[in-house]
Amino acid sequence: MVMPALILYNWGMAYSITLRVAVLDFLQQRKGTVEDACDEFGISRQTIYNWKELLKQQGTLERKQRNYPIKIDPLKLQAFVARYPNAYLKEIAREFNVSVTGVFYALKRAGLTLARGYKRTTVTQ
């Protein structure tokens, strides 16, 4: 009984570097076509073309690291939370001119939590 090759398909996760190298070596060493590599490894043509382009642009098959700018200075955020431990995310967002979601993730990155259950101090401008 032949088992289907479902284990070769990648459902949303990145392919390993060893597989990427193996596919490109298959194309170079055996002088095979992209369609042959697709059949052999169970991946799409576009994936192979993406890897070739990545190798040409970066010189490596590693995935690109995305560096997003940090809009909120962690030290200023820490000072603000120390001064106003009961401030709502909305108030912090207004103070730093960012979204509430941005404040949430900045607090999470900094390892800070807001105090709850205490007498509230109002944020003044």
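Quick note: the coordinates plus some simple rules give every number you see, no bench work behind them. The shown structure was predicted, so the numbers you read here are calculated from the model rather than taken from an experiment. Counting neighbours? That spans all protein chains shown, and the Cβs are built from the backbone with ideal geometry, glycine included.
With both labels modelled 7 Å from their Cα along Cα-to-Cβ, the residue 108 to residue 91 distance reads 2.3 nm.
Here residue 76 is the anchor, and the lysines within straight C-alpha reach of less than 26 Å, apart from those fewer than 8 places off in the same chain, are 90, 108, 119.
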